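Here's the structure we're looking at; comments come further down.
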2 protein chains.
Amino acid sequence: MPPPSEPLTPERILAATEEVLRRHGAAKANVVDVARALGVSHGSVYRHFATKAELRGAVTKRWLDRTTALLADVVAGSEAPTAKLRHWLSALFDAKRHKAGDDPELFATYTVLTTEQGGVVDAHIDELIGQLTVILQEGVAQGEFAIEDLPVTARALFEATAHFHDPVHAPEWSRPDAQGAFEAVVALVTRGIAARPA
Amino acid sequence: MPPPSEPLTPERILAATEEVLRRHGAAKANVVDVARALGVSHGSVYRHFATKAELRGAVTKRWLDRTTALLADVVAGSEAPTAKLRHWLSALFDAKRHKAGDDPELFATYTVLTTEQGGVVDAHIDELIGQLTVILQEGVAQGEFAIEDLPVTARALFEATAHFHDPVHAPEWSRPDAQGAFEAVVALVTRGIAARPA
DNA sequence: CGGATGACAGATTTCAATATCTGTCATCCG
DNA sequence: CGGATGACAGATATTGAAATCTGTCATCCG
């Protein structure tokens, strides 16, 4: 067992945990394996994360935050509000669909993680709805959207498109008509918030 | 074992199966118990249903058809299209919410059944979307709705409201803000199909 | 003779013994 | 002395032998 060449940081532990999850799946990934991958005893891992659940929660947050960051770029862009909203929803659907389709095993692993880490997911969802709120706010300011209650509408938009981002619906994302169904829902909700021509 | 007082019909078998499912749950319900409840041998049950899966599928269909029938009354009513659409969506959400909330164990049982009986559920969904299509059709005819592709929009409406009828979202139906969230989504999609004032 | 029966084989589930894992902490090491 | 270690107790998961269930069919009964 070679001594660790670098100091043991939460960051290194998270990277190793991701790797163990990728290799062994959610059910068989355990703390001892993570420690072994790092060349330390499992007691050392517990110095940085109080429980296995906390460790898994941190990895889950990391995974979700990658999508949040991706979408933040869309929010920060300079498109017109309607285009930006469509872009944001497409980017969300695309990101999820690719995660699910490109590596189904890994996606299944993270589906288990998100299911057990409800709080982390709730925070992630709140962040996404926050991004939506920003886009809607811009649209109202520029006269493209007519919205009474911004936070409520942002949440409604998110829930109305759940079919295309909630992992429980992942099996349906690979259907041939998924893209068409997505566009139909986007068209529906987009019209739902559009300001009527003055 | 008293001889059956009435002839053994699919109908009687289904009623007995429902009862066994209610008593024992989806995991422990078995064909022998159904037969015992009817006072016959399990071989006799297999004369009417080829497999256990077929029997469970038939019970599942029955359960789903009760909701379909309920909603058909709304479709057959004489409300104005927008009101009828809201009424139909409310009735669907209410029916599901009550099934889930009033008897959680039974709901869990049928959740297992619907999960394993994908085809039966798909047919049920197609029926519901058919009902939606009728309402939308009326709305277009009466000038309340502006819709390009009727079947596609009907499906989009159904998917946009999935949060409030898909059993995978049942845990969220008992949240205090569920009704408000529902109304927000309904408002959103209703505006999305409304004809613009001429 | 048409329909019900129950013994049966193979598939599935249950259960308890066994093995592994989580989380703690007294001890060790640089 | 701060951080790593690994032995340990209780919790959780695995395993395989035993029990139950599904689906068939030769036989029986009215």
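Assorted remarks:
- Qualifying residue in region A:5-17 (condition: open to solvent by 50 Å² or more (accessible area, probe 1.4 Å), away from DNA strand C (no atom under 14 Å from the Cβ) and under 21 Å from residue A:128 (Cβ atoms)): no
- Candidate set from region B:141-166 (those that are more than 10 Å from chain A (Cβ to nearest Cβ) and in contact (Cβ under 8 Å) with a residue 24 or more places away in the chain); member that is nearest to the chain's Cα centre (by Cα): B:165
- Restricted to region A:42-148, the set of helices (runs of 4 or more DSSP H) holding at least 1 residues that are within 16 Å of DNA strand D (Cβ to nearest atom) comprises A:42-48, A:52-76, A:104-116.
- Residues that are in contact (Cβ under 8 Å) with a residue 24 or more places away in the chain and either open to solvent by 20 Å² or more (accessible area, probe 1.4 Å) or not in a helix (DSSP H, G or I) (or both), drawn from region B:171-198: B:174, B:194, B:195, B:196
- Scanning region A:35-49 for residues that are more than 6 Å from DNA strand C (Cβ to nearest atom) and either among the β-branched types (Val, Ile, Thr) or farther than 18 Å from residue A:21 by Cβ (or both) yields A:39, A:40, A:41, A:44, A:45, A:47.
- Considered as a group, the residues in region B:27-41 that are surrounded by 15 or more Cβ atoms within 10 Å (Cβ to Cβ) and within 11 Å of DNA strand D (Cβ to nearest atom) include one that is farthest from the chain's Cα centre (by Cα), and that residue is B:36.
- Within region B:52-65, being away from DNA strand C (no atom under 12 Å from the Cβ) and open to solvent by 60 Å² or more (accessible area, probe 1.4 Å) holds for B:54, B:61.
The values are calculated or read from the model by the stated rules, or taken from the named source; none is laboratory data. Worth saying up front: this structure is predicted, and the values here are computed from it rather than measured. Glycine also receives a Cβ, built like all others from the backbone with ideal geometry; neighbour counts cover every protein chain displayed. Just the protein is used for accessible areas: all its heavy atoms, side chains included, with ligands, DNA and RNA removed. Shrake-Rupley method; radii C 1.70, N 1.55, O 1.52, S 1.80 Å.
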